[in-house]
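Beneath this line is the structure, given in structure tokens, with notes to follow.
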Amino acid sequence: MSFFDNIPTAHPVEIYYLRETFTQDPFNKKVLLTLGNYRTDEGEPYVLPVVKHAERVYHKDESLNLEYLTPLGMESFTNAAVTLLLGNTSPAIIKNKYIGVQSYGSTGALRIGAEYLVRHTAKDTFYTSNPGYENHDRIFACAGFKTWRCYRYLDTKTIKLDFKGMLEDLRNAEDNSVIVLQVCGHNPTGIDPTESQWDEVAQLFVSKRIFPFFDCTYQGLASGDVNTDAYVVRKFAELNVEFFCAQSFSKIFGMYNERIGNLTITVKDPELIPAINSQFAFDIRAMYSSPTGRSARIIAHICNNAPLYQQWLGNLKDMALRIKKARMQLKEMLDNMETPGVWEHLVDQVGMFSYTGLTPEQVEYMARKHHVYALTSSRICMAAICSNNLYQVAMAINDCVRKFPKIN
Ligand SMILES: Cc1ncc(COP(=O)(O)O)c(C=O)c1O
């Protein structure tokens, strides 16, 4: 008898399961649109030129050692991360009302933040958008949250934001609950509120006792501009609303497997900071003791050096523009094929993802017949569409909506 008898098999994670199915598919012109990874127009993974440069500097620096970092991480990195998010003229920065905690990607930042809220602020209910990023609910549940609720987000008929529904659900959200909000390039829909809609949401948080937990994984990849994309968090900071914000450097620096992120926290009273920091340090010590140094050093080196920072902004803009171009090309090709349905949403949506509106049956057929893999939710990664698969993707969509007509 084993200690591990009777352990049921966990539900497969769809993106990993589909990646495996894709790998096993012997067809050589297959297309994987499921993963949230940026690809070049040649369909290759992209190491940003500015990151390559900073890595060379890092490897040549004989003065560096591999000593442990502190639990809260490298300050030159966390300060750079907070500044990127809030902007250096933010009242939170000027008045020293912020904290930065280095993390393992935004997943890690969400997890340490969620654990903190459960343990130290007695939160037990959280809300995510419907549809939302599929890992949010797992992260919050594993951190100890007891109740998961959703607020309306997508109107599936129009494939537009259901802002009225969203606002109504947030207005009715339970007091003391945590509201997860995606800052930009919403995953999976690619639909973000406008600035004036965010203003309305912000006012709600001023007047109601609910706690905002932002997820900022795509800053700069939605509009091509890091300031435009950070609008909502900067608005909340300006209104002196306290929040947590998980930041990712996976996509925006192309450092996916380095697992680097940051948890930005704004507080009303800077005198609270030492106590908050001490609890984070205490909890992190028990979880993984301290974060990693290499990627934090590389990002800090780029962000704290004006010419390199400008170069990074350029690299980021190039990525965002390539994704926008892929959106336009796909829509144009679908229009040229006289594909049934309306495809305007492909170009209206922003960021790495597009919620296409295809049905699960159509998605399954695309994979089986055309070897083009999308998520069952109909989400595709626009950043994976490039010159050599564009026609195949358009053909697959065109064929599946004709084969299984609906409803677009
Ligand atoms: C909305 C959202 N949050 C978090 C993550 C996880 O990012 P990271 O790699 O930084 O952990 C992703 C990645 O796809 C995401 O889309």
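The values are calculated or read from the model by the stated rules, or taken from the named source; none is laboratory data. Worth saying up front: this structure is predicted, and the values here are computed from it rather than measured. Note that each Cβ is placed from the backbone with ideal geometry, even for glycine, and that neighbours are counted across all protein chains shown. Quick note on the areas: whole protein, heavy atoms, side chains included, nothing else; ligands and nucleic acids left out. Shrake-Rupley method; radii C 1.70, N 1.55, O 1.52, S 1.80 Å.
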Output the residues belonging to segment 227-279 that are open to solvent by 60 Å² or more (accessible area, probe 1.4 Å), out of contact with any strand residue (DSSP E or B) (no Cβ under 9 Å at 6 or more places or on another chain) and within 13 Å of the ligand (Cβ to nearest atom).
-> 257
Give the number of residues within segment 79-122 that are part of a helix (DSSP H, G or I) and either within 15 Å of the ligand (Cβ to nearest atom) or not assigned by TED's automatic domain parsing to the domain that holds residue 286 (or both).
-> 13
Taking the condition closer than 25 Å to residue 158 by Cβ and under 23 Å from the mean Cα position of the chain (by Cα), does residue 326 pass?
-> yes
When only residues in segment 380-408 that are open to solvent by 20 Å² or more (accessible area, probe 1.4 Å) and closer than 19 Å to residue 189 by Cα count, which is modelled with the highest pLDDT?
-> 407
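In segment 195-204, what residues are touching a helix residue (DSSP H, G or I) at 6+ places or on another chain (Cβ under 9 Å) and open to solvent by 70 Å² or more (accessible area, probe 1.4 Å)? Can you show your working first?
Our first condition is that a residue be touching a helix residue (DSSP H, G or I) at 6+ places or on another chain (Cβ under 9 Å); within segment 195-204, this holds for 195, 197-202, 204.
195, 200, listed by residue number.
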Given (1) more than 11 Å from the ligand (Cβ to nearest atom); (2) surrounded by 22 or more Cβ atoms within 10 Å (Cβ to Cβ), index of the condition residue 211 fails = (2)
Please go through segment 123-160 and pick out each residue that is in a loop (DSSP other than H, G, I, E, B), within 16 Å of the ligand (Cβ to nearest atom) and farther than 21 Å from residue 13 by Cα.
-> 153
Does segment 171-201 hold any residues that are in a helix (DSSP H, G or I) and more than 30 Å from residue 34 (Cα to Cα), and which are they?
-> 171, 196, 199, 200, 201
Would it be correct to say that residue 66 is in a loop (DSSP other than H, G, I, E, B), at pLDDT 95 or above and aliphatic (A, V, I, L, M)?
-> no
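Scan segment 298-309 and tell me whether some residue there is of a type in the set (Gly, Ala, Ser) and either within 20 Å of the chain's Cα centre (by Cα) or modelled with pLDDT of 95 or more (or both).
yes
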